[in-house]
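Worksheet: the structure to be examined is printed underneath.
The values are calculated or read from the model by the stated rules, or taken from the named source; none is laboratory data. As the structure is a prediction and not an experimental result, all values here were calculated from the model. All Cβ positions, even for glycine, are placed from backbone atoms using ideal geometry, and neighbour counts span all protein chains on display.
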Amino acid sequence: MEQFLVDEKLDIKSLNLEQLTEELKSRGEKAFRAKQCYEWMHKKLVRDVDEMSNLSKDFRQMFRDNYEFTSLKPVRVQESKIDGTRKFLFQLRDGNLVESVWMKYKHGNSVCISSQVGCRMGCRFCASTLDGLERNLMPSEMLDQIYAISVYTGERVSNVVVMGSGEPMDNYDNLLQFIHLLTDENGLNISARNVTVSTCGIVPKMRMLAKEHLQITLALSLHATTDEKRKKLMPIANKYSIAELMDACGFYMEQTGRRITFEYSLVGGQNDTDEDARELIALAKPLGCHVNLIPVNPINERDYVQSDEKHIQRFKNVLEKNRINVTIRREMGRDIDGACGQLRRSHMKQEECKEC
């Protein structure tokens, strides 16, 4: 369990029940103690060890002395006046910041979480990647974004999307542990079918994930329909071609029986023409993919602009006429730095200005 060490302490919230049982047994504790601890952390969502009221003071002290107990606290919370979306900025134990978004829908509450501090993928229209990658998040740090938001809002989270800052497949092992913990019947027990993981297209990791036979939804950030156009928007396209991506998507569907979603950010004048729509149809139709059109959220550091409403609707209509299942992602939290990385970046700039 060395991968879960934090400053020489074991990150206890990153362990599954079997691992936790083994760890506590090694300290002379009985198996039921692990079950109690696991329930406090992953079901009752306690924010402090002292809230574990049926455990002795000595045990809690041992717990504090030997283990890292992740409990994120929001540094900043912004609520949209438009749709009630809330954006959370959390500070990690090392002072780094990550952000998460809570969205309320008719079908339930959804949380979008980050998987890394920053990102190294370099997608041209994304604020997350502007300062590069700082570090990966531990499973506990991904989980606790959801736990902290559940406690803060007092409402159950029914859907989780790993689409915030970072590339989940670039933090593969921790992502996998996170999914197993999130869907564990001894914890929050969120259905795997209600979990979506987004990737910019790291082909070998997509294939590895397929072999896990999980029932999660895989969303591919496609954003362009030719290798030439994709390379302009996404540096990862220099490593993996669209043909390789489509093969990996087909393999994922064969292994899991789950339909892939194509995420497609519409950037004005870049990828929103009728020709782009026809090329997208040629990619999506053979796989039976769902296409999620995203009006891109402009960021100050780039000169990309959102496609206008007319272009967005026309693009959608071309897809629908060709029997492609398509939705336009509802813009949530535009007035509160709703897009990936925007709140973290604006907060960091404000803190820098205070030090000037």
Matching residues in the range 171-190 - criterion: being in contact (Cβ under 8 Å) with a residue 40 or more places away in the chain and surrounded by fewer than 19 Cβ atoms within 10 Å (Cβ to Cβ): ASP173, HIS180, ASP184, ASN186
Of all residues in the range 42-66 being over 22 Å from SER150 (Cβ atoms) and among the basic types (Lys, Arg), the one that is surrounded by the most Cβ atoms within 10 Å (Cβ to Cβ): ARG60
Of all residues in the range 129-165 being of a type in the set (Ser, Thr, Tyr) and more than 12 Å from the chain's Cα centre (by Cα), the one that is farthest from VAL75 (Cα to Cα): SER158
Some residue of the range 219-228 being free of Cβ contacts under 8 Å to residues at least 24 places away in the same chain, in the same structural domain as PRO295 (by TED's automatic domain parsing), within 28 Å of CYS37 (Cα to Cα) and out of contact with any Phe, Trp or Tyr (no Cβ under 6 Å at 6 or more places or on another chain): no
Meets criteria (buried (at least 19 other Cβ atoms within 10 Å of the Cβ), in contact with a Phe, Trp or Tyr (Cβ under 6 Å, 6 or more places away or on another chain) and touching a residue at least 60 places away in the same chain (Cβ under 8 Å)) for LEU72: yes
Residue list for the range 136-168, filter: buried (at least 24 other Cβ atoms within 10 Å of the Cβ), closer than 16 Å to ALA219 by Cα and at pLDDT 95 or above: VAL160, VAL162, GLY166, GLU167, PRO168
Within the range 255-292, tally of residues that are touching a Cys at 6+ places or on another chain (Cβ under 8 Å) and among the charged types (D, E, K, R): 1
Residue match in the range 142-156 (condition: touching a Ser or Thr at 6+ places or on another chain (Cβ under 7 Å), of a type outside the set (A, V, I, L, M, F, W, C) and closer than 21 Å to PHE4 by Cβ): yes
The range 1-41, residues that are loosely packed, with under 13 Cβ neighbours inside 10 Å and of a type in the set (Asp, Glu): GLU2, ASP7, GLU8, GLU18
Criterion violated by SER150 - all others in (1) at positive phi; (2) in contact (Cβ under 8 Å) with a residue 24 or more places away in the chain satisfied: (1)
All helices (runs of 4 or more DSSP H) inside the range 245-356 with 2 or more residues being modelled with pLDDT of 65 or more and crowded, with 20+ Cβ neighbours inside 10 Å: 274-284, 309-321
Count of the range 76-111 residues which are of a type outside the set (S, T, N, Q), in contact with a strand residue (DSSP E or B) (Cβ under 7 Å, 6 or more places away or on another chain) and over 24 Å from ASP7 (Cβ atoms): 12
Qualifying residue in the range 90-112 (condition: under 30 Å from LYS231 (Cβ atoms) and without any contact (Cβ under 8 Å) to a residue 60 or more places away in the chain): yes
